[in-house]
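Worksheet: the structure to be examined is printed underneath.
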Amino acid sequence: MGRSIFITGGSRGIGLAAARSFAEGGDRVAVAGRSGAAPEGVLGLRADVRVPGDVERALREAEEAHGTVEVLVANAGITIDVPLLRMSDEQFETVVDTNLAGAFRAVRAAVASMLPARRGRVVCVSSALGFLGSPGQSNYAASKSALLGMARSVVWELGNRDITVNVVAPGIIDTDMTRPLTEQRRQELMRMTPLRRMGTVDEVVAAIRFLASDEASYVTGTVLPVGGGIAMGL
Ligand code: NDP
């Protein structure tokens, strides 16, 4: 009968592929994004993770349709790449507000539902570059590495409930986010990637699916790099 699954940023890229994959496996899936777009068989909800209360409302709507959320994938994310000295407060804050505070709002809302049910899986989508650092991405890397500290703190707070919180750290994945990369930057990133190719959304989804599975019941507070070796040893 499947599980009730809520994904932020499921209109494109990794989130869309995850939504499709869970739905094909028989889960009841809702995605929340600014566009409200969703593939067939998935409930699309309009929500901006930057707007306080929006993601909470979307989660409630998802639960009205699908029942108490059992899996959250906090995936919505953006980049605004600018070198440090030219980066405005607004460019820094917009990225951190979306990637970190947006994930915080989604995790808080989902965990509030999971606690009484004493059951749940939370997967936060970080980035290998959050840990390696990346030129022009001080805002993005700060937001993505901070997800791990947030996840590990929540793990402690959850104690012995059957709720796990984990982080996936994709490397360079072929989506709208990486399409604007210059050829030079793309080649630099490939030199940093032992497998010497970009990853596919499905390769990230496989890791998300594992961390969301019943089988991953003793895996919590971890970071799982999916980057063709780019972040070996994280
Ligand atoms: P895309 O740009 O393809 O998709 C981003 C998704 O986030 C969209 O569905 C978008 O939906 C949603 N989103 C953005 N801002 C908001 C917002 N304010 N509120 C709600 N939803 C929002 O990116 P990817 O699929 O590549 O990225 C997904 C995640 O994976 C991101 O967190 C990204 O940082 C991370 N990642 C990606 C990597 C890559 O190489 N592609 C590598 C490492 C990590 P909408 O426009 O409808 O709001």
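Results for (1) assigned to a loop (DSSP other than H, G, I, E, B); (2) more than 22 Å from V123 (Cα to Cα); (3) touching a helix residue (DSSP H, G or I) at 6+ places or on another chain (Cβ under 8 Å); (4) of a type in the set (A, V, I, L, M), shown as yes or no for each residue.
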site: T164; (1), (2), (3), (4): no, no, yes, no
site: A169; (1), (2), (3), (4): no, no, yes, yes
site: Q184; (1), (2), (3), (4): no, yes, no, no
site: L189; (1), (2), (3), (4): no, yes, no, yes
site: T193; (1), (2), (3), (4): yes, yes, no, no
site: D202; (1), (2), (3), (4): no, no, yes, no
site: I208; (1), (2), (3), (4): no, no, yes, yes
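Tell me yes or no: at least one residue of the range 199-209 is open to solvent by 30 Å² or more (accessible area, probe 1.4 Å), within 15 Å of the ligand (Cβ to nearest atom) and touching an Asp or Glu at 6+ places or on another chain (Cβ under 8 Å).
Looking for residues that are open to solvent by 30 Å² or more (accessible area, probe 1.4 Å), within 15 Å of the ligand (Cβ to nearest atom) and touching an Asp or Glu at 6+ places or on another chain (Cβ under 8 Å), one finds at least one in the range 199-209, hence yes.
Tally up the residues in the range 187-228 that are farther than 22 Å from A19 by Cβ, without any contact (Cβ under 8 Å) to a residue 12 or more places away in the chain and not aromatic (F, W, Y), please.
Number satisfying all stated conditions: 3.
Taking the range 68-95 as the region of interest, how many residues are without any contact (Cβ under 8 Å) to a residue 12 or more places away in the chain and open to solvent by less than 70 Å² (accessible area, probe 1.4 Å)?
Summing the residues that are without any contact (Cβ under 8 Å) to a residue 12 or more places away in the chain and open to solvent by less than 70 Å² (accessible area, probe 1.4 Å) in the range 68-95 gives 1.
Being of a type in the set (A, V, I, L, M), open to solvent by 30 Å² or more (accessible area, probe 1.4 Å) and in a loop (DSSP other than H, G, I, E, B) is the filter here, so list the residues in the range 212-234 that pass it.
V219, M232, L234
How many of the residues making up the range 194-218 are more than 16 Å from the chain's Cα centre (by Cα) and within 19 Å of S145 (Cα to Cα)?
Counting residues in the range 194-218 that are more than 16 Å from the chain's Cα centre (by Cα) and within 19 Å of S145 (Cα to Cα) gives 0.
Any idea which residue in the range 10-67 is least open to solvent (accessible area, probe 1.4 Å), counting only those that are of a type in the set (D, E), within 18 Å of G102 (Cα to Cα) and away from the ligand (no atom under 12 Å from the Cβ)?
Looking at residues that are of a type in the set (D, E), within 18 Å of G102 (Cα to Cα) and away from the ligand (no atom under 12 Å from the Cβ), I get E56.
Any chance the range 131-150 includes a residue that's over 22 Å from G171 (Cα atoms), under 18 Å from the mean Cα position of the chain (by Cα) and in a helix (DSSP H, G or I)?
No, the conditions are met nowhere in the range 131-150.
For the range 96-108, which positions are within 14 Å of the ligand (Cβ to nearest atom) and either open to solvent by 20 Å² or more (accessible area, probe 1.4 Å) or acidic (D, E) (or both)?
Scanning the range 96-108 gives V96, D97, L100, A101, F104, R105.
Residues being part of a helix (DSSP H, G or I) and either of a type in the set (S, T, Y) or under 13 Å from the mean Cα position of the chain (by Cα) (or both): count how many of those fall in the range 101-122.
8
The values are calculated or read from the model by the stated rules, or taken from the named source; none is laboratory data. Fair warning: this is a prediction, and the values are worked out from it, not measured in the lab. Positions of Cβ are generated from backbone atoms using ideal geometry, with glycine treated the same way; all protein chains shown enter the neighbour counts. With ligands, DNA and RNA removed, areas are computed over all heavy atoms of the protein, side chains included. Shrake-Rupley method; radii C 1.70, N 1.55, O 1.52, S 1.80 Å.
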